[in-house]
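Below is one structure; the comments refer to it alone.
We did not get these values from a lab; they are worked out from the coordinates using the rules stated. From a predicted model like this one, the values you see are computed outputs, not experimental measurements. Please note: Cβ atoms are built from the backbone with ideal geometry, for glycine as well, and neighbour counts cover all protein chains shown.
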Amino acid sequence: MTDKVPMTKLGYERLEEELKKLKTVERPAIVKAIAEAREHGDLSENAEYHAARERQSFVEGRVQELESKISRADIIDVSHLTGKNIKFGASVVLIDDDSGEEVTYQIVGEDEADIKAGLLSITAPLARALINKTVGDTVEVTTPKGARGYEVKKVAYR
């Protein structure tokens, strides 16, 4: 699994921050919780011990996942991108064909996606439909709410 993981510089920094927190804050806290739970005696019926071990398992899995993504990161500095065609990192203003409403999205890596914040995953159907489109183009996308049409109003890289 050596596929590169595209992400913005900000997305990469967030992953690194989360990894650092897990290693420097979460791990020591879990070790301490396990030690304290062990002091309570019989581990087979010790809920605190089992909860701490479960949390440890989750944290270790997340650490491995983050280390893998960071090692495979293809960091794309959006501030150096230009052009009229939509590609990774583009901020796109769209007009909904049905409602006439304007929406703005930036196409980002999977781990950075937050639709409420206007961050659209590169793997999302809308983002995939927008790739290589330019101002004035329209796209049709099937969403959970049915087919939707959008017109590209603006493309920017910031």
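The Kirkwood radius of segment 5-76, taken over pairs of alpha-carbon atoms, gives through the Stokes-Einstein law at 25 °C and 0.890 mPa s a diffusion coefficient of 181 µm² s⁻¹. With contributions of -39500 (n - 2.57) from each DSSP H run of at least four residues, the per-residue ellipticity at 222 nm computed over the chain stands at -11500 deg cm²/dmol. Loop exposure criterion: GluC sites (Glu not before Pro), DSSP state outside H, G, I, E and B, at most 13 other Cβ atoms within 10 Å. Applied to the chain, the longest stretch between such sites is 40-100. All alpha carbon pair distances within the chain were sorted into 5 Å bins beginning at 0; the resulting P(r) in whole percents reads 2, 9, 14, 15, 13, 10, 9, 8, 7, 5, 4, 3, 1, 0.
Annotation: amide H of ALA90 within the under-5 Å range of ILE107, sequence separation 5 or more or interchain, hydrogens built in the peptide plane. Think of each Lys and Arg Cβ as +1 and each Asp and Glu Cβ as -1; about the Cα centre, that makes the dipole of segment 5-76 roughly 320 debye.
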